[in-house]
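The next block holds one structure in the form of C-alpha cells; read it before the comments.
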Amino acid sequence: QVQLKESGGGSVQAGGSLRLSCGATSFNGYAISWFRQAPGSEREFLAGISAGGTTYYADSVKGRFTISRDNAKIPVYLQMNSLKPEDTALYYCAARRFPIPTTGQATYDWWGQGTQVTVSS
C-alpha cells in the first residue's frame, strides 16, 4: 500500500511560479505522475516520471512545468512556471505499480488527496 500526499499549492498571480511536492511511503519501482482537475472538467495528465527517471509531459504544459525527484526518489516535485489562470485546478499526484507512467488515470493504483492551485489574472 502506498500513501501519497501533495503539498505546495496556493494562490499566485499570472506569470508566477509554484513548486508542488508529492511525498509517499514508498516509490520503489513505481511510476509517479501529476494530474489536475478543474471544476467541470476531466482529470488531465500533466507529467510523469518513470522508475528510471525518464520524464513525460502533456503538450499543454511542456516547457512550463518540470517533474523531478531527488536521488532518494522521494519526494517527487512539479515545478510550475509562467502560470496562467487556466492552470487553476486541484492538482493530484498518483502512483502506478509499473515503472512507466501513462496518461490514463484509470491505470494508476494510488492517489493523493490533491492540493489546490489558484492563478489570478
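The values are calculated or read from the model by the stated rules, or taken from the named source; none is laboratory data. Quantities reported herein were computed from a predicted structural model and do not represent experimental measurements. Every residue, glycine among them, receives a Cβ derived from its backbone with ideal geometry; neighbour counts consider all protein chains shown. With ligands, DNA and RNA removed, areas are computed over all heavy atoms of the protein, side chains included. Shrake-Rupley method; radii C 1.70, N 1.55, O 1.52, S 1.80 Å.
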For this session: Answer with yes or no whether Gly48 is open to solvent by 60 Å² or more (accessible area, probe 1.4 Å) and touching a residue at least 12 places away in the same chain (Cβ under 8 Å).
Result: no
Problem set entry | Test: residue in the range 59-68 that is open to solvent by 30 Å² or more (accessible area, probe 1.4 Å), closer than 18 Å to Leu90 by Cα, at pLDDT 95 or above and more than 12 Å from the chain's Cα centre (by Cα) | yes
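So that you can scan it fast, the table gives a plain yes or no per residue for (1) over 11 Å from Leu20 (Cα atoms); (2) β-branched (Val, Ile, Thr); (3) in a strand (DSSP E or B):
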{"residue": "Ile67", "(1), (2), (3)": "no, yes, yes"}
{"residue": "Asn71", "(1), (2), (3)": "yes, no, no"}
{"residue": "Tyr77", "(1), (2), (3)": "no, no, yes"}
{"residue": "Cys93", "(1), (2), (3)": "no, no, yes"}
{"residue": "Gln113", "(1), (2), (3)": "yes, no, no"}
For this session: For Gly23, work out the one condition from (1) of a type in the set (Gly, Ala, Ser); (2) at positive phi; (3) open to solvent by less than 60 Å² (accessible area, probe 1.4 Å); (4) in contact with a Lys or Arg (Cβ under 6 Å, 6 or more places away or on another chain) it doesn't fulfil.
Result: (2)
Seminar exercise, completed: When (1) aliphatic (A, V, I, L, M); (2) in a loop (DSSP other than H, G, I, E, B); (3) open to solvent by 10 Å² or more (accessible area, probe 1.4 Å) are applied to Ala106, the one that fails is (2)
For this session: Report yes if some residue within the range 27-34 is open to solvent by less than 30 Å² (accessible area, probe 1.4 Å), farther than 26 Å from Ser120 by Cβ, in contact (Cβ under 8 Å) with a residue 24 or more places away in the chain and within 10 Å of the chain's Cα centre (by Cα); otherwise report no.
Result: yes
For this session: Could you check, for the range 92-102, whether at least one of its residues is within 26 Å of Val12 (Cβ to Cβ), polar (S, T, N, Q) and within 15 Å of the chain's Cα centre (by Cα)?
Result: no
Exercise. Name the pairs whose Cβ atoms lie under 7 Å apart, with the first residue in the range 69-94 and surrounded by fewer than 17 Cβ atoms within 10 Å (Cβ to Cβ), the second small (Gly, Ala, Ser) and assigned to a loop (DSSP other than H, G, I, E, B), and 6 or more positions between them or separate chains?
Worked result: Asn81/Ser17; Ser82/Gly15; Lys84/Ala14; Pro85/Ala14; Pro85/Ser121
Exercise. Within the set of pairs 6+ apart or on separate chains, which have a first residue in the range 102-119 that is within 12 Å of Arg43 (Cβ to Cβ), a second that is surrounded by 17 or more Cβ atoms within 10 Å (Cβ to Cβ) and hydrophobic (A, V, I, L, M, F, W, C), and C-beta atoms under 6 Å apart?
Worked result: Thr103/Phe45; Tyr108/Ala94; Trp111/Ala94; Gly114/Leu90
